Amino acid sequence: MKKHKFLMSLVAITLTACSQSAEVTTDSTTEATETSETASLSTATSLTKTAGRYGSYQTSDFDSSYDEATATKIQLQETSAEITGSGASEADGIITIDSGGTYLISGSYQGMIQVSADKDLDKVQIVLKDATITNDDFPAIYVEQAEQVMVTLAEGSVNTLTDGENYNFATTEEDEPDATLYSKDDLTINGSGKLIVNANYNNGIRGKDDLVITGGIFEIKATNNGIKGKDSLSIAEGSFTIEAAGDGIQVNGTEAETGWLALDGGEFTIQAGNDGIQAESQFAASAGKVTITTVNGADSENLTTTESYKGIKAGSSLIIDDGEFEINSADDSLHSNQDVVINGGTLQLASGDDGVHADQQLLINDGVLNVTESYEGLEASIIEIQGGSLVVHATDDGLNAGGGSDEETTTGNFGADSFAAGPKGGMGGGMTADSSKKIIIAGGKTTVVVSDGDGIDSNGDVEMTDGLLIVDGPVSGGNGVLDYNGTFTLSGGQLLGIGTANMAQTPNEDSQQASLAVALENQQKAGGSLAIQTDNDEWLTYTPQNTFTYLVLSDSSFEIDKEVTITYDKQALGSYLLTDNVTTSGNLSMVAGGGGHPSGERPTNPPNRNPEEDLQAEPPA
């Protein structure tokens with residue numbers, strides 16, 4: 001195994017998040033300021049960047065050149081081969097490479113290419129130049145032993161590897177090799193040619209040590225996993241089209257310093273029967289364009305409950321610095337058993353369960369995140385938003401800092417979500433607060449649209465110091481725009497919450513910034529133009545996607561004895577004089593610490609509703 005260039009440790013790491021606070025285009029514009037916040041994230045492994053990449057690369061990994069004049073040439077001839085040069089031999093349907101060097105392979109062959117060289121000394125380069133290799137009994141290419149093997153896809157070439165449905169193992173106890181292209185030792189794939197992999201037995205490409213891909217065009221169809229690594233998988237570039245009955249890409253090493261996946265570029269289209277991408281320890285992306293569908297996406301139904309159908313899943317932490325991600329998943333779109341950190345990029349997520357789930361902390365520093373469909377939008381023990389532009393659609397809770405469970409949804413029962421230690425959420429309304437659960441809004445622009453659940457739901461506290469937060473919904477009783485069991489302290493930023501007045505909560509009265517809560521006499525339809533003014537200065541306009549009878553508002557311009565005017569479609573809904581730190585008006589069903597479903601809990605049979613119908617619902621006659 002190569003020496004890794006990054007540090008790994010089983011200790012907590014500290015990430016410093018530098019973000020820019022959101023600018024809201026209003027008459028009372030808030031100036032953008034640089035802020036620095038520190039968040040402690042507990043992770044099992046820590047990947048560090050070198051030259052803008054998370055992966056572990058050597059200079060030679062990017063060198064796809066070869067000297068055709070000095071290379072050993074292997075001309076495949078269906079059931080035999082013409083070999084010119086040293087280091088290779090052919091017998092009984094197996095071409096054996098037993099020495100270091102470069103091997104140029106062309107033609108068609110019924111059999112296997114096997115590398116059995118010196119484990120400590122020999123570096124082997126296999127150049128595929130319009131090679132077609134089919135083996136019904138074992139892998140098409142099998143790296144049994146070498147110090148390192150590089151498979152180069154020659155420029156302009158089209159190469160095909162195919163295996164059979166059953167391998168001819170010597171004993172029933174054997175289960176490896178198990179991939180069409182299989183390597184026990186370090187493997188690098190580079191070049192600009194095309195590689196078609198038809199994996200009829202199990203996996204498409206598998207590396208049991210460090211697997212590195214720096215180029216190539218890949219078309220992989222696999223009865224199990226498309227690409228599978230063990231110690232690590234580093235991808236710098238390439239074009240990947242993967243259809244896999246199992247995971248699209250998987251790294252499964254469980255020993256210390258293994259099981260990680262670094263995505264530093266490339267374009268991916270993945271259709272997976274289980275997870276799109278899975279890393280046993282850490283997943284980190286610095287770049288790339290990724291499109292993932294698991295099963296039939298968010299519309300999947302009646303799935304096997306013991307299986308996993310997530311978009312991207314990491315065992316310890318999941319980090320995205322940049323890139324384009326479009327994920328349509330039956331289960332969570334992004335999932336980590338510890339932390340999720342989003343520092344940038346563009347993400348469009350549709351999920352049959354959570355848009356983003358982290359057992360411990362979800363930290364968003366920047367980027368564009370659009371959750372178009374989900375049961376719960378963002379879910380973690382601690383949700384911290386420092387920057388970025390977020391739009392979250394959910395049928396249940398929009399932002400959920402809780403410790404509930406996953407009961408049956410329309411896509412199946414995926415089992416209980418794990419969370420950091422703390423008591424399970426209660427019904428709110430003064431129930432015990434969980435100090436390990438918290439939602440922090442410290443920057444960015446966040447819009448949450450929900451239909452049946454709570455907009456913001458915390459088993460503990462909510463803290464808002466900056467940024468813009470819009471909560472649109474819920475429309476049903478028993479849920480609230482805000483639902484928290486601890487406190488909601490507000491010291492900055494802009495807040496607009498609209499929805500039902502049945503379980504209304506407001507920021508705490510001892511907050512540094514004043515707020516206004518209003519229950520309207522008549523339900524307002526969706527789709528109009530809502531405008532908020534303070535002393536005739538308009539600071540926010542918004543088009544509601546749900547019907548509403550309740551508003552909760554706050555802005556830095558809110559001061560006692562100032563007047564707030566609310567209009568809808570240019571019709572006045574009312575003018576309200578701020579008389580207290582929390583000014584209320586109308587018939588509010590106020591609760592002290594929350595309401596609705598227990599934080600993070602799914603009802604036994606959540607309504608199978610069409611979110612688009614919810615958003616366009618008209619008020620009752």
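Where a number appears in this text, it was derived from the coordinates with a stated rule and is not lab data. Quantities reported herein were computed from a predicted structural model and do not represent experimental measurements. Note that we place each Cβ from the backbone using ideal geometry, even for glycine, and neighbour counts take in every protein chain shown.
Couple of notes before you dig in:
- Each of Asp354, Asp397, Asp185 was scored by other Cβ atoms within 10 Å of its Cβ. Arranged with the fewest first, they read Asp185, Asp354, Asp397.
- Antiparallel beta bridges, as assigned by DSSP with both residues in region 461-565, represent about 70 percent of the total such bridges.
- Estimated FRET transfer efficiency when R0 is 22 angstrom, pair Asn522-Thr579 (beta carbons, to 0.05): 0.40
- Exposure proxy for Ile382, Ile83, Ile277: other Cβ atoms within 10 Å of each Cβ, ordered fewest to most, give Ile83, Ile382, Ile277.
- Total formal charge among the other residues, if their Cβ is under 12 angstrom from that of Ala117, Lys/Arg +1 and Asp/Glu -1: -4
- Antiparallel content of DSSP bridges confined to region 73-218, in %, to 5: 15
- The mean sequence separation of alpha-carbon pairs under 8 Å and at least six residues apart, normalised by the residue count of region 169-240, gives a relative contact order of 31 percent.
- The stretch between Asp67 and Asp118 holds 16.1 nm of extra length on full extension. This uses 0.36 nm per residue minus the Cα-Cα distance.
- Modelled label positions at Asp299 and Asp136, each set 7 Å beyond Cα in the direction of Cβ, lie 4.1 nm from each other.
- Residues of region 218-235 falling in the label zone of Asn166, defined by backbone nitrogen less than 20 Å from a point 7 Å along Cα to beta-carbon, are 223-224.
- Over 20 Å between alpha carbons, listed pairs Lys228/Lys310; Lys49/Lys437; Lys289/Lys313; Lys194/Lys221; Lys129/Lys289: Lys49/Lys437; Lys129/Lys289
- Protection-proxy order for peptides 450-461, 69-80, each taking the mean of Cβ atoms within 10 Å per residue, highest first: 450-461, 69-80
- For Asp535 and Glu267, the difference between the fully extended length at 0.36 nm per residue and the C-alpha to C-alpha distance is 91.3 nm.
- At an R0 of 22 angstrom, the distance between the Cβ atoms of Tyr542 and Lys562 translates into a FRET efficiency of 0.60.
- Solution diffusion estimate, µm²/s, Stokes-Einstein, region 283-384, Kirkwood Rh from C-alpha pairs, 4 °C, viscosity 1.567 mPa s: 99
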